[in-house]
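K.L.:
Would you mind keeping the following structure in view while I ask a few things?
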Amino acid sequence: MKSSDKEMANDTRSKVLELKEIIETKKVIKGEVLQKQGDLKIKSYYVKKGLLRSYTIDDKGKEHIFIFAPEGWIVSDMESQTKGSGLPAAICATIPENMDIETRQLLISKGVAPMQGIHETLNAISASADWSQNRVRILLDIPRPLSPNLRVGQQVMVSEPEGKSWLLANDFAVPQGKVTSGQNLGAVASELGYPLALKMVSPYLPHKTEAGAVVLNLSDAASAIQASIQMQADVVSYNPQAATDQFLLEAMSPKPLAELIVTLRRDPQFGIALVLGSGGILVELVGDAVTLLLPLSPHDITRAIKKLRVIGLLNGFRGGPQADLEKISLQIHRLCIAYTKHQDEIAEIEINPLFIYSDQVCAVDVLVHKFN
């Protein structure tokens, strides 16, 4: 026998001896009461042979059975365990309709939480654990007061190049790009290099895909020029007022680990709110998002990202690279600070998608509204 096995065997024998010192063997007859209501001695009973039941009698004399304990089961009095130890307790019915209203009220009166349904019980336990962890965290680091909602007024959408210039000026990464007219498009495309993305610049195109106002993976000047001609025709068909001769050419960004949507906006009641969610086409398909109120910390952002369904893609999905969530969160936090400093000017920022890489981010599409 290995030394580790011997140590485990000795440890097991030691624990068995400890248990034997506190275990009392008792033979009971049918109908005998082992522990009465109000007896706060914390005891548990192992059924070696026969059957035990735990029950109570309400004010109307009706008997309520909580547990049947057959041979091999351990049973105890829930009220005694709860009040004697000072610990919270609950009784779970496997399906909601298994517990009637009288039983629920009786349990509540004894300080025991009646839980109806296994799924519902697990959700309640999870929420309780989250609350407890958040309480400890908040008490250790008292958050600052919420950001006030300083200004309310009419908003105007700025162009995507202007929105991205604002992001770049505030140290937030965007693809390399340049605005050009249709006449100079070929020369600018060759200057930037390939592959490229082409977008029409218009104040009437908050969402370009539906209007045919975006084309990706252009590989040469000829394809870029042809794409711009077709784009003008598509946009005229979609909304003649939206068509322009101004285009944004951008270098195609490398494939990310995941895509997020990041939104900063004013809430009329709570002030500045940050929304993080699964981005790209998953925004409408999945509807996966977390809302945080400012001010916040990078750790708050990290915790929020971990709650999203895309977290698997950021944790090395199928052997892929992992994202450094601390570095990613710091960059998003930097954006929050910039927005707060300019909240009298910038009304709302929506980045979708925000490409997430191993240690950096890139705002591929951005929609910015300013106060008019």
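K.L.:
Starting from segment 87-115, take each residue that is of a type in the set (Val, Ile, Thr) and list its partners that are modelled with pLDDT under 85 and not in a strand (DSSP E or B), counting only C-beta distances under 7 angstrom and pairs at least six apart or across chains.
P.N.:
Partner pairs satisfying both residue conditions: Ile91/Met78; Ile91/Leu107; Val112/Met78; Val112/Glu79; Val112/Thr82.
K.L.:
Consider only pairs whose beta carbons are under 7 Å apart and that are at least six residues apart or on different chains; among these, list those whose first residue lies in segment 49-64 and is more than 17 Å from Gly31 (Cβ to Cβ) and whose second residue is part of a strand (DSSP E or B).
P.N.:
Asp58/His64; His64/Tyr55; His64/Thr56
K.L.:
Let me ask another. Residue by residue through segment 193-224, note down the ones that are assigned to a loop (DSSP other than H, G, I, E, B), loosely packed, with under 14 Cβ neighbours inside 10 Å and hydroxyl-bearing (Ser, Thr, Tyr).
P.N.:
Ser219
K.L.:
Consider only pairs whose beta carbons are under 8 Å apart and that are at least six residues apart or on different chains; among these, list those whose first residue lies in segment 215-242 and is closer than 16 Å to Val179 by Cβ and touching a residue at least 12 places away in the same chain (Cβ under 8 Å) and whose second residue is acidic (Asp, Glu) and surrounded by fewer than 17 Cβ atoms within 10 Å (Cβ to Cβ).
P.N.:
Listed by first residue and then by second, the contacts come to Gln232/Asp245.
K.L.:
Still on this model: Can you tell which of Gln155, Gln183 is out of contact with any Lys or Arg (no Cβ under 6 Å at 6 or more places or on another chain), over 22 Å from Ile337 (Cα atoms) and of a type outside the set (A, V, I, L, M)? So that I can check it myself, show each step before the final result.
P.N.:
On the way: Gln155 fails: over 22 Å from Ile337 (Cα atoms).
Step by step, each of Gln155, Gln183 is checked, and only Gln183 is out of contact with any Lys or Arg (no Cβ under 6 Å at 6 or more places or on another chain), over 22 Å from Ile337 (Cα atoms) and of a type outside the set (A, V, I, L, M).
K.L.:
Moving on to the next point. So which strands (runs of 3 or more DSSP E) are wholly in segment 254-372 and hold at least 2 residues that are in contact with a strand residue (DSSP E or B) (Cβ under 7 Å, 6 or more places away or on another chain) and modelled with pLDDT under 95? First the steps, then the outcome.
P.N.:
Numbers: elements: 258-267, 271-278, 289-293, 346-356, 361-363, 366-371.
So the answer is 258-267, 271-278, 289-293, 346-356, 366-371.
Let's see how each residue does on (1) aliphatic (A, V, I, L, M); (2) surrounded by fewer than 19 Cβ atoms within 10 Å (Cβ to Cβ); (3) more than 19 Å from Leu168 (Cα to Cα):
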residue: Gly320; (1), (2), (3): no, yes, yes
residue: Asp324; (1), (2), (3): no, yes, yes
residue: Gln343; (1), (2), (3): no, no, no
residue: Ile346; (1), (2), (3): yes, no, no
residue: Asp359; (1), (2), (3): no, yes, no
residue: Ala363; (1), (2), (3): yes, no, no
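K.L.:
Same structure, new question: Looking only at residues in segment 221-254 that are within 25 Å of Ser165 (Cβ to Cβ) and acidic (Asp, Glu), which one is nearest to the chain's Cα centre (by Cα)?
P.N.:
Per the criteria, the residue is Glu250.
K.L.:
Could you check how many residues of segment 90-123 are buried (at least 16 other Cβ atoms within 10 Å of the Cβ) and hydrophobic (A, V, I, L, M, F, W, C)?
P.N.:
Residues meeting the conditions: 9.
The values are calculated or read from the model by the stated rules, or taken from the named source; none is laboratory data. Predicted model, so just to flag it, every value in this text is computed and none were measured. Glycine gets a Cβ as well: all are built from the backbone with ideal geometry, and neighbour counts include every protein chain shown.
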